[in-house]
Every structure is written in C-alpha cells, then in structure tokens.
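Colleague: Sharing a structure below in structure tokens format, with a few things to ask.
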Amino acid sequence: MKLDLSLTVNGEAVSARIEPRMHLVDFLREVLDLTGSHAGCEHGVCGACSILVNGQMVRGCLMLAVQAEGAEVWTVEGLTETGAIAALQEAFVARNALQCGFCTPGMLVAAATLLKANPTPTREEIREGISGNYCRCTGYHAIIDAIEQAARA
Amino acid sequence: MNELSSVDRPNSYIGRSVPRPNAKRLVAGRGQYVDDLRLPRMVHVAFLRSPHAHARILSIDSTAAKAAPGVVRVVTGAEMAAVCTPWVGVLHHLKGLKSAPQHALVVDRACWQGEPVVAVVARTRAEAEDAVGLVEVAWQELPAAVDMEAALATGTPVIHPDLGDNLAFTREHVGGEPDACFADAESVVVQAVFHTGRHTGVCLEGRAILADYNPAEGRLTAYHSNQAPHMMQTVFAKHLGLREGDVRVVCRDVGGSYGIKVHVYPDEMATAALSKMLGRPVKFAADRMEGMVSDIHARDHRIAARAAVTKDGVITAMEIDDLTGIGPYSVYPRTSAVEGNQVVNLCGGPYGLRGYKARTTVVFQNKTPTCQYRAVGHPIATTVTEGLVDLAAEAIGMDPAEIRRRNLLADDVYPFRNLAGLAFEGLSHHACLTKLLAMMDYEGLKAERDALRAKGVYRGIGIASFIELTNPSPFMYGIGGARISAMDGATVRLDPDGSVAIASGVTEQGQGTEAMLAQIVAGAVGVDLSRVRVTTGDTETTPYGGGTWASRGAGIGGEAALQAGNALREQILVIAGAMLQAAPESLDVRGDAVVDRDTGAERLPLEELGRIVYFRGDTLPKDLPRELVATRHYTPKDYPFAFTNGAQASYLEVDVETGFVKLLRHWCVEDCGTVINPMLVDEQIRGGVVQGLGGALLEHCVYSPEGQLLTGSLADYLLPMSGEMPDIAVAHVETPTKESALGAKGAGEAGTAGAPAAVQNAINDALRPFGARVFAQPFTPARILPALGKI
Ligand code: FES
Ligand code: FES
C-alpha cells in the first residue's frame, strides 16, 4: 500500500507516493536525495536525524513521513542555502567543532533551536541544550565553544 | 640544494591552527558517507543473524523469503563459501596464537549472537529486512562458553574442538628481578584486581560498504567506510579470487572509526562477494542494533596486579596477570591477541622498575569478537599501573604527585630500553607532570577538596601518567605476515595554474588528516594553503600505504608528504633556474611565486612557470627535466614505535548517597613531538579523553549468562552526553622524534589512554574517607554503592 504525501521541504513544494511505514528521515534521504540528515541509531537516541518540522526540532527517525503531510520541513541543506545557520556553521568550522561531521547537521539544528529559545546561553545551558545529540568524535568541548562564539557574534 | 625543514621555512604552516579544508562541506550537509551513495541497479542486503550465542544449523528454508516482494537473491553460508574463502586471524610473531577459519556467513555453527547467517538481497533495505523475517532456520542450541574466567575450566565447551581448548594465546614476560623485589622485607606490597569493562566504538555512522563488481572488466570497486583501503584491497582480492590490481577501494567521508573500521567483518566480505555473484552493486549499511552485536568490542579484561614499594617511595616492581575474552575468533588480519600483548608490553611503562613480570591469557568465548579499538591496550595498562601507583602512595602515606615525581623515568635518560623491552627515543614525563600540576593548581585543588570534605562533599583528584605507542614500523604487523603497510606515500604535483595537488595513502575520518597534509605541503613547496587540495582514501589514485590507525597519520603520512613537497620545490627551482638564468640555490618558492632566496623579491609566478612547462615546453632547454610531480614514501626504521607520553588529571565529585560521579574538570598534557596544527591536536586529545571517560563511567557490553547482549541498543548502552562531560584543558610539551625531518609523533589515542586511570584514581580519592575503593569499570553507582557498603 502506498499513500500520497504533499509537504514543503526547504521551501519547495514536494509530492510523493510512499509506503506509510517510511520514516521522515528516510524519505528525505532516499526519496528527495537530501542526504545531509543522517541516521545514527534509528531509535530516537542519537539526534543525528534532527530536522525542523513546522519550526520545531524533530527526530526524523521517530516521525513517519506521512505524518508530515502539509508540514514545512527544513533540513541542513535548506538552512545552509538560506543562511539561517551561517553564524553557527562559521563558528563550527573556525573552532573545529566537528571531526567526522556525521553528527554535525543534527547538532546544528539543535544549536539553532537552543539559540532561538535562549540567545545568550551559559556553557551549562549549552551543554544541557544539546544533550540529546551525541557526538562521538569531539568530546563536545569544541562544540560548546562554537555555540558560545556564535551566540556572541 | 640547501635543505631547509618545513619548520624553518618563512612560509611554514607548521604549528598553525588553520581550519580544515573539508569542514565547510560537512557543516553544509554535503558529506559523502557510504550510505549517501547510490549507483544504477544497486540492490541492498540485510542479514539474518544468529539469535543464539552458540548453535548448530539443522536446516534453512528460504522458500518464503525468495518469493517475497523485491527479493533478488537469498544466499546461505554454503553458497557463500564457494565464492568467498574463509580467513584465520593469526600473526606469526605472536607465537602460539591460534584461531579457527572464519566464514563470511555461518556454514554450520554460529559462535556468537549476531554472527551473520543468511544474506537476503532485495531492491530496498526494507524489503530485504522483511524477507529476512521469512527465512526459517532450525537451530540446535549448544552450550555456550560465555564467562572468560571459566573458558579454560573442564566442563566448559571447547568452541573449536580442532584447536584443542579455548586458549587463543598466552605470553609471559619477565624483566629484571621481580621476585627479589617482592621478597624484600623492607618493601610494602600493594595489590588489586582490576576489570576494564567490555565496550565498543559506536561510530555514529555505522559500518557500511557499497560493493560494485563489474563482470565486464572483472573488477570490484568497493566504496567503504574504512580506515585502511589498501589493506582491504588485499583482503577482498585474496578471499574473492581476484587480483589486487582488479580491486579498487574508495573511502570517502567516514563517520567516525576509532579503530572499529580497520578490521575484516564477515557481513562486509559477504556484501562484496554478493556483488561478485550478482554482477551488480550491493549496499550494506549496518543499523545500530546489528552494529552493537557485530562491530568489534574491546577491553574485556580482568587484571590481577601487585606492586612493591619501599618505605621511601621507590616503586621497585610490578607483577601483572591479565585475562581477556576475545569472542570465538581472533579477528582478521590484525588479530585479537594484540590487546593482551600490549597489556604485557605497556604496564609500568612510565616508570623505572627493577623487576617486572607480566602475563596475558587470551581466551575464546561465545560473545562478539574483540579487537583493536582506539588506544589498544593502553587504557587497560594505564588503569592498572596508575591504580597501583596510587595504592603504593597511600600505603606509605605519600602524595600521589610526589610518588610519581620519584619514580617517573627522568627526562634525561633517553634513549632508554625498559624492562618490558620497549625502546624510548625521548620522553618528557617530568615536564608533562610539572605542567599538569601547575595548570590544574594542584595545591589549591587539594585545599578545596579538603575544605569541602569537612562539609560532607566528597571530591577527588586523580592523576595518571602514561605512554602511548605511535608511528608503528613493520614490527607491528608486517613481521607477523600481515599485508598491512607500515610505509606510507604521498604524491605532490604542481598543476599549470600554480595549484598543488596531494594524493596520500593515509586516510581521513575527521582527525584532520587532509588539513595536516595540506599544511605540511604548502609550507614545503612554498604556496598558499588555499592553493593546495588533497585526495585520500582511494587505492587507485593514491600511493600505496597503510591508512590511518595506531596514531600514524601525521608521523608517517605527514613525513612522506613533507619529503614529496620538498622534492617538488626542488623540481620547481631547477626549472625556474633555467628560465631565469639563475642558480636554483639562489631561489625559493614563497607565496605562489618563485622568489629570490635572499631578498624575497618575486621573480616568476608559479602560474607562469606552469604555463611554460605544460604548454610551451618548446621554449625550455632540451635536456631540462620537466617533472612537476614527486612521490615519496616513508617508513620508520630506527625504532619499532615512536612512543609518546603525557599526564592527565581528573577532578570529580562522588555523591555518596546515590553513587553518581560528577566530572568537574579534566586536564591533559601530552607530548606528540612536533605539533602541526595545535587546534586539531587538542581536539584529538579531547575527543580521545571523552571516549576514555565513556569506558570508565558509562559504556558496557553486558551479557546474560547465556551469551545474549543485554545492552544492544543506545537506550541501554550509555554514551557520554554533552551535559555530563567536563571542559578539558589541554597543553603540550614538544619532544620531536629525530627519526624524521618533521618530528611528529601521533596524538589520536593519548586522550583515551590516560582518561580512565585518572577517573579511577579520582573516584578512589573521593572515597578515601570511607576506606572504599573501586577497580571495576565502568564505575557506575552499582559498583560505587557496594564499595561504600550502602547496598
Ligand atoms: S537516528 Fe534519529 S535519533 Fe538517532
Ligand atoms: S564529529 Fe563525528 S560524531 Fe560528531
């Protein structure tokens, strides 16, 4: 069985016919070729699949694509093109707040969500704010620095 | 020609914290990890894995699976064995190491829960997984050998009857006079039994391979999330009946590796074999649950250890008895005996002992195979050694920093060979410890700890000195018969527009390999960093090399790049000399131009030199060499390994009611020789520290008595999260290796080597008022509360 799905992804209207069991992150990656969102665990723990759905941060591996009917979805690709997360990206590069980069798209979404709610967070608030996103490479210190730097910029 | 080292050159990038060239792509979501790639006619494989720790296959019925939607092929172990030959993970120099032939798919008997049994290939991964659920395997469950302590006991099933017993490897080493030291009536003997919990790497990107066998050419191209493409080229060729030259391995972006992605995995071999069988691209991307039972595990050790110390604080001897369970097979081709062997080599490493005795016993068991994971053996040896040193200090009433000062090898004894037989070219234990104590304000911290203790707040300070093996020579694997290159190469080329291309055999998984290479070559040639681009991770286009493991990227790959860059600069200057009617020695390359060496005055832009050489060679003297490309290789020859050293400290608080540990601060001072990019090195240290902290406090592969992994998802297997990790201060002492012009040693593993020991010692410092101690990692409340007598 397949269902029709229409939504907006990174500002573009998208329609597709998909299996209802397909998760949103797989839909983005496999159907739309938006491979910037990653699947690190597929059970809602690691945060690598974090994206924005109707302005809220969502784990793309926990949401079915069909649940996004009519929604407005933003991924790292769109957020990059609009410049919405440019300050964070610049700080991440300057501070080497990524190594393998696999966690980074999700981490940037988490950081942007944090800064939107709290534009001048303390280090502790940043550590708490991104605690739902695993990074296996950096040990987090540089990520905290980069978010702090972006918040000050 | 005057041969300046890169470090001396006016336009050197050595020692500068420039950002990585590939980072911009990754923050924009434009990485190319294996699962992002898609090829025409590509199909997907999913595996039925053994649900049992030990079980015989009675029959397999794949009728329903074959008829399922989208299914292309279902392959059993017997069919797979006809295409992919089995392997045996032994090395000749690890004398007596034995293992059994391991197949890509189980042929008749599964030996761990998670071993791949049947491969199902379908149009999509979801369809393949659906069909896996339809494969019917009739199993005869067999008694399992799970507990490593019982592996050699009578009554425990022998996993591979042909091998006689469950003993894979054992080695004992005695140096100096340990027995006399322990018998000395004036000395105090301290002892403990340490456990380092079995854990694993959990690369955020799971293992993945996209294998594309093209029958028209008889060639296999494997896009692989891997650290050692040339090694895999050899392995694929050997076991799939291809010539090495007909296998190409491409490693684009790799989403974390840490030693996990440098081994031969049966499911990845099966994927390559399936591509050969089907003549079309086959993709395998391990999901997290299957990764937890099939990625290598590590550090499953029990170590009984003791040390003798004189009343005035001289540690005279250590004795180590290590037992480790490695799963049912020694992993190919690096083997699973290296970790235990390293424990024998490394314990006591920072100290000048009079007696040393160490033994490892490596046993088979029905659990996921273990093998080399970041800092192989070092976190274990450091935990044991530094735990003993703190016990010795306590026994004689000496400050932990003071006892280290009295026993660490002096900074001027080098070169030095220790009782374990390790050769040290030049270490800086005292300089590192002194810097560490100053950085952390040791005396101030002790006062704070004591003042808080009076108020019922239990904080602890833990120190750990360590050594770390880097820049391995062929003594690591090559002498044991493995085709794992200790040499690495770099090709450096000047293109017509004056830009420089580097191709290197070392690989990038986020450490900053490509940035490091670019910095070295930009400085050596004399061009701006922005004019340099780097290719790694492709057996077809890079010089042969070992890849990235054992902290060898900068020390070996970087030195090859430096030599190649120097050679290219010489080529440029010879041609420029002819064009300018000047002696090549009077010229240099700086800022994208050939300049007068003494005045720095610009003589000829590189772009113009490129134009003439490539398009107007008719205007150059006939016999002038026109090569603008140089390849150089490098292998360490003087020392088997370039040891590094350092010291770490942890400051933490134990909640004595709940048993929870709160990390407050962490410090690391280490000496990796020449630091090429301080920012990247510091981040390697920090990332390594946190992986060490994970193993010390959280990560644990817990098994049921039947051999079922109980922590098989990230909901149960805990990883360090940002909220519970401390800020980590990093500093360096630089003792360059004299073996190479660059002087760099490795930095990728030092953080992991020392962190668990520092935490262990800090927890035991915090618990000291209660007379409680813990030596079993991870140090969870379930271990701390019993030590406190609370449960
Ligand atoms: S992939 Fe969604 S949280 Fe890990
Ligand atoms: S950079 Fe590798 S997981 Fe975060």
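No value in this document is a laboratory result; all are computed from the given coordinates. Please read these numbers as outputs of a predicted model, since none were measured by experiment. Here the Cβ positions follow ideal geometry from the backbone for every residue, glycine too, while neighbour counts run over all protein chains shown.
Colleague: Report Rg (one decimal) and Dmax (nearest whole number) for the range B:170-226, counting Cα atoms only, units Å.
Modeller: 26.1, 77
Colleague: Anything in chain B that counts as a DSSP H helix reaching 24 Å or more along its axis (C-alpha) with Kyte-Doolittle mean of at least -0.5? List them, would you?
Modeller: Values: long enough: B:378-396 (27 Å, 0.76); B:558-580 (32 Å, 0.78); B:678-697 (28 Å, 0.51); B:750-767 (27 Å, 0.44).
Membrane-span-like by this criterion, though nothing is claimed about a membrane: B:378-396, B:558-580, B:678-697, B:750-767.
Colleague: Within straight cross-link reach of A:Lys116, meaning Cα distance under 25 Å, which lysines are found once same-chain residues fewer than 8 apart are removed?
Modeller: B:Lys24
Colleague: Something else about it: Rounded to the nearest 10 degrees, what's the angle between the helix A:104-117 long axis and the longest principal axis of chain A, both from Cα atoms, 0 to 90?
Modeller: 70
Colleague: Write down Rg/Rh for the range B:498-640, rounded to two decimals, with Rg from the C-alpha atoms and Rh from the Kirkwood relation over Cα pairs.
Modeller: Details: Rg = 16.2 Å, Rh = 15.9 Å.
Rounded to two decimals, Rg over Rh is 1.02.
Colleague: Ordered by packing density, taken as the mean number of other Cβ atoms within 10 Å over each peptide's residues, highest first, how do B:223-229, A:2-8 rank? Mind showing how you got there, number by number?
Modeller: Details: B:223-229: 27.1, A:2-8: 15.1.
Most protected by this proxy first, the peptides run B:223-229, A:2-8.
Colleague: So what are the protein assembly as shown's ellipsoid semi-axes, whole angstrom, largest first, if each one is the square root of 5 times an eigenvalue of the alpha-carbon gyration tensor? Kindly include the intermediate steps, with their values, before the conclusion.
Modeller: Values: eigenvalues 319, 287, 180 Å².
Square roots of five times the eigenvalues give 40, 38, 30 Å.
Colleague: Expressed in nm to one decimal, what extension gain is obtained for the pair B:Lys446 and B:Glu244 from 0.36 nm per residue of sequence separation less their Cα-Cα distance?
Modeller: Values: separation 202, 0.36 × 202 = 72.72 nm, distance 5.98 nm.
66.7 nm is the gain from fully extending B:Lys446 to B:Glu244.
Colleague: So if we plug the beta-carbon distance of A:Arg21 and B:Asp61 into 1/(1 + (r/R0)^6) with R0 = 35 Å, what FRET efficiency do we get, rounded to 0.05?
Modeller: Working: r = 26 Å, r/R0 = 0.74.
Once the sixth-power term is evaluated, E becomes 0.85.
Colleague: Work from the charge dipole of the range B:307-415 (Cβ charges, +1 for Lys and Arg, -1 for Asp and Glu, about the Cα centre) and give the residue of B:Ala307, B:Pro350, B:Tyr329 farthest towards its positive end.
Modeller: The Cα lying farthest towards the positive end belongs to B:Tyr329.
Colleague: OK, next. Starting from 0.36 nm per residue, how many nanometres of slack lie between B:Ala410 and B:Gln581 once their C-alpha separation is accounted for? Write out the running numbers ahead of the final one.
Modeller: Numbers: separation 171, 0.36 × 171 = 61.56 nm, distance 5.46 nm.
Full extension of this stretch gives 56.1 nm more.
Colleague: Also, I was wondering about something else. Quick check for me: using +1 on Lys/Arg Cβ and -1 on Asp/Glu Cβ, what's the dipole size of the protein assembly as shown about its Cα centre, in debye to the nearest 20? Show your work: numbers first, answer last.
Modeller: Details: 85 positive and 107 negative charges, 149 e Å.
I would put it at about 720 debye.
Colleague: Could you tell me the ratio Rg/Rh of the range B:595-744? Both radii from Cα atoms, Rh via Kirkwood. Please report the intermediate quantities before stating the final value.
Modeller: Numbers: Rg = 26.6 Å, Rh = 21.5 Å.
So for the range B:595-744, dividing Rg by the Kirkwood Rh gives 1.24.
Colleague: Same structure, new question: Would you work out the Kirkwood radius for the range B:685-773? I mean one over the mean of 1/r across all pairs of different Cα atoms, in Å. Each step should come with its number before you reach the end.
Modeller: Working: mean 1/r = 0.0630 Å⁻¹.
The Cα-based Kirkwood calculation yields 15.9 Å.
Colleague: Scattering from the C-alpha atoms of the range A:85-152 alone, worked out with Debye: what is log10 I(q)/I(0) at q = 0.12, 0.20, 0.21, 0.28 1/Å?
Modeller: Taking Cα atoms of the range A:85-152 as identical point scatterers yields -0.22, -0.67, -0.74, -1.46.
Colleague: With label points built 7 Å along Cα→Cβ from the Cα atoms of B:Asp655 and B:Lys24, find their separation and express it in nm.
Modeller: 4.6
Colleague: Take the alpha carbon atoms of the range A:99-153, find their center, do the same for the range B:682-712, and report the distance between the two centers in whole angstrom.
Modeller: Centre-to-centre distance over Cα atoms comes out at 23 Å.
Colleague: By per-residue mean of other Cβ atoms within 10 Å, what is the highest-first order of B:506-513, B:109-116, B:125-132? Before the final figure, lay out the partial values.
Modeller: Details: B:506-513: 29.1, B:109-116: 25.8, B:125-132: 20.8.
In decreasing order of mean packing, B:506-513, B:109-116, B:125-132 become B:506-513, B:109-116, B:125-132.
Colleague: If you fit an axis through the alpha-carbon atoms of helix A:141-152 and take the longest principal axis of the Cα set of chain A, what angle between them do you get, 0 to 90°, nearest 10?
Modeller: So the helix axis and the longest Cα principal axis differ by about 90 degrees.
Colleague: Based on a Kirkwood Rh over C-alpha pairs, give the Stokes-Einstein translational diffusion coefficient of chain B at 37 °C and viscosity 0.692 mPa s in µm²/s. Could you put the intermediate results ahead of the total?
Modeller: On the way: Rh = 27.6 Å.
The estimated diffusion coefficient comes to 119 µm²/s.
Colleague: Which order do B:Ile403, B:Ile791 fall in if you start with the one that has the fewest other Cβ atoms within 10 Å?
Modeller: B:Ile791, B:Ile403
Colleague: So how do B:Ile320, B:Ile685 line up by other beta-carbon neighbours within 10 Å, fewest first? Please list the in-between numbers first.
Modeller: On the way: B:Ile320 28, B:Ile685 31.
So the ranking, lowest neighbour count to highest, is B:Ile320, B:Ile685.
Colleague: Using a Förster distance of 56 Å, how high is the FRET efficiency between A:Thr8 and B:Thr310, based on the Cβ-Cβ distance and rounded to 0.05?
Modeller: On the way: r = 75 Å, r/R0 = 1.35.
That gives a FRET efficiency of 0.15.
Colleague: Provide B:Val613, B:Val314 in ascending order of the number of other Cβ atoms located within 10 Å of each residue's Cβ, fewest first. Let's see the in-between values first.
Modeller: Values: B:Val613 22, B:Val314 19.
Ranked by crowding around the Cβ, least crowded first: B:Val314, B:Val613.
Colleague: Using a 10 Å cut-off on Cβ to Cβ distances, tally the other chain neighbours for every residue of A:106-112 and report the average as a whole number.
Modeller: Values: counts 2, 2, 3, 0, 1, 0, 0.
The per-residue average across the peptide is 1.
Colleague: Taking the square root of 5 times each eigenvalue of the Cα gyration tensor, what semi-axes in Å does the equivalent ellipsoid of the range B:663-709 have, largest first? Intermediate values should be presented prior to the final figure.
Modeller: Values: eigenvalues 217, 32, 12 Å².
Taking √(5λ) for each eigenvalue gives 33, 13, 8 Å, largest first.
Colleague: With unit charges on the beta carbons (Lys and Arg positive, Asp and Glu negative) and the dipole taken about the Cα centre of the protein assembly as shown, which residue among B:Ile57, B:Ala593, B:Gln372 sits farthest to the positive side?
Modeller: B:Ile57
Colleague: Please compute the average number of Cβ atoms from other chains found within 10 Å of each residue's Cβ in peptide A:24-35. Intermediate values should be presented prior to the final figure.
Modeller: Numbers: counts 0, 0, 3, 0, 0, 2, 5, 0, 0, 2, 2, 9.
The mean count of partner-chain Cβ atoms within 10 Å per residue comes to 2.
Colleague: When the C-alpha atoms of the range B:599-665 are aligned to their principal axes, what extent does each axis show, in angstrom, from largest down?
Modeller: Principal extents (Cα only, largest first): 85, 33, 27 Å.
Colleague: Please report, in debye to the nearest 20, how large the charge dipole of chain A is about its Cα centre when each Lys and Arg carries +1 at its beta carbon and each Asp and Glu carries -1 there.
Modeller: Numbers: 11 positive and 17 negative charges, 63 e Å.
Its charge dipole is roughly 300 debye.
Colleague: Can I ask one more? If you count, for every residue in A:42-54, the Cβ atoms of partner chains within 10 Å of its Cβ, what is the mean?
Modeller: Numbers: counts 6, 6, 3, 9, 5, 2, 3, 0, 0, 0, 0, 0, 0.
Shielding by partners across A:42-54 averages 3.
Colleague: Using only the alpha carbons of the range A:3-79, determine the length spanned along each of the three principal axes and report them from longest to shortest in whole angstroms.
Modeller: Its Cα atoms span 29, 26, 21 Å along the three principal axes.
Colleague: Taking R0 as 22 Å, what FRET efficiency do you get between B:Asp495 and B:Glu570 from their Cβ-Cβ distance, rounded to the nearest 0.05? If you can, show how the numbers build up before the last one.
Modeller: Working: r = 18 Å, r/R0 = 0.80.
It comes out at approximately 0.80.
Colleague: With +1 on each Lys and Arg Cβ and -1 on each Asp and Glu Cβ, how big is the dipole of chain B about its Cα centre, in debye rounded to the nearest 20? Working shown, then result.
Modeller: Working: 74 positive and 90 negative charges, 190 e Å.
In total the dipole reaches around 920 debye.
Colleague: So, counting K/R as plus one and D/E as minus one, what does the shell of residues with Cβ under 11 Å around B:Ala337 add up to?
Modeller: Details: positive: B:Lys95, B:Lys98, B:Arg171, B:Arg334; negative: B:Glu339.
Spelling it out: positives minus negatives among the neighbours equals +3.
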